[in-house]
1. In percent, what relative contact order does the range 93-234 have, based on Cα pairs under 8 Å that are 6 or more apart in sequence?
2. Would you mind getting me the FRET efficiency between Leu155 and Glu94? Use the beta-carbon distance for r and R0 = 35 Å, nearest 0.05.
3. If I take R0 = 41 Å and measure r between the Cβ atoms of Ser20 and Ala129 in this structure, what FRET efficiency does the formula 1/(1 + (r/R0)^6) give, to the nearest 0.05?
4. Can you tell me which of 60-71, 220-231, 248-259 comes out highest on packing, and rank the rest after it, using the mean Cβ neighbours within 10 Å?
5. Whole percent per 10 Å bin, from 0 to the bin with the longest distance: what is P(r) over all C-alpha pairs of the range 9-270?
6. Taking only DSSP H segments of four or more residues, each worth -39500 (n - 2.57), what value at 222 nm results for the chain once the sum is divided by all its residues, to the nearest 500 deg cm²/dmol?
7. Let's see if you can work this out: charge +1 on each Lys and Arg Cβ, -1 on each Asp and Glu Cβ, no other charges. What is the dipole magnitude of the range 115-221 about its Cα centre, in debye to the nearest 20?
8. Normalising by the residue count of the chain, find the relative contact order in percent from Cα pairs under 8 Å and 6+ residues apart.
Amino acid sequence: MPTPSQSHLGRVLIIAGSDSGGGAGIQADIKTVTMLGGYAATAITAVTVQNTLGVTAVHPIPVAVIEAQARAVLDDIGADAIKTGMLGDAATVEAVAAILADYPAIPAVIDPVMIAKGGASLLAQGAVAAVRTLLIPRAALLTPNAPEAAALTGLTVETTDDLRRAGEALLRLGARAVLVKGGHVGGGAAGETLTDILMTPAGETTFEGPRLDTRHTHGTGCTLASACATGLAQGLALTEAVARAWAYVQEAIARAPGLGAGHGPLDHGWPLRDR
């Protein structure tokens, strides 16, 4: 993978929840940013009890502590990009939006995490409106999957054309760019073409590849968003950042180590072995 110059390491502040299984959330984010040559700092929003079989408990971090973590990082280390993941409730969304408002020059990659791979809810229903009105307008890049795009727009998202319509609606809500992900679109058969679409007011770029025959896809969304944030933090153009992130994730899925009895993690560290 491309290595940034030391003069532009790429500092990414990640505001998200912890995954005790290490496949998603803060753990996946840190691994991804590090493997792509960036520097990861964190503000943890919740501690979850989970493994590859699912989430069994969530312990929210007080909003004041979440905000204090983020501002401590920004006041000292700084950030070249901010990535958000699991936020949990409206109060946390509001606090994060206020932080982003105070740092408008830092690009924000918003991953609107709503449901865990195993089906557990990670965003209160009442917080969806807060994401729509407070976070989306501050997104340099929004990265919803099909169910998240449907929840945010009220549209049915079941086909590639639906992805485009939802992306257009999300751009109208104020996001500067939207990467609508098609992993939930289609019949689910191995080998069928999966399509993700990067949409901006200037046009779109399509990323396509075969659906891999694997159940080990836990943390794919977190990993992709953090990889995009790392590229932006390192000064890559948006399309270049997304293309590098997309390729990194595809390879990480292909090399998944097969851990656990459920939806296992990706191989975030594959570039180490290629060196």
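The numbers here are math on the coordinates, done by the rules we state, and not lab data. Keep in mind that this is a model prediction, so the values were computed, not measured. FYI the Cβ positions are ideal-geometry reconstructions off the backbone, even for glycines, and counts take in every protein chain you see.
1. On the way: 240 pairs, mean separation 29.6, N = 142.
This gives 21 percent for the range 93-234.
2. Values: r = 25 Å, r/R0 = 0.72.
Step by step, r from the Cβ atoms, then E = 0.90.
3. Details: r = 30 Å, r/R0 = 0.72.
Between Ser20 and Ala129 the formula returns 0.85.
4. Working: 60-71: 16.6, 220-231: 29.8, 248-259: 18.5.
The packing order, highest mean first, is 220-231, 248-259, 60-71.
5. Spelled out bin by bin, the range 9-270 gives 8, 34, 40, 17, 1 percent.
6. Numbers: 8 runs with 95 residues, N = 275.
Result for the chain: -10500 deg cm²/dmol, rounded to the nearest 500.
7. Values: 10 positive and 10 negative charges, 86 e Å.
In debye, rounded to 20, the range 115-221 gives about 420.
8. Working: 639 pairs, mean separation 53.9, N = 275.
For the chain, the relative contact order is 20 percent.
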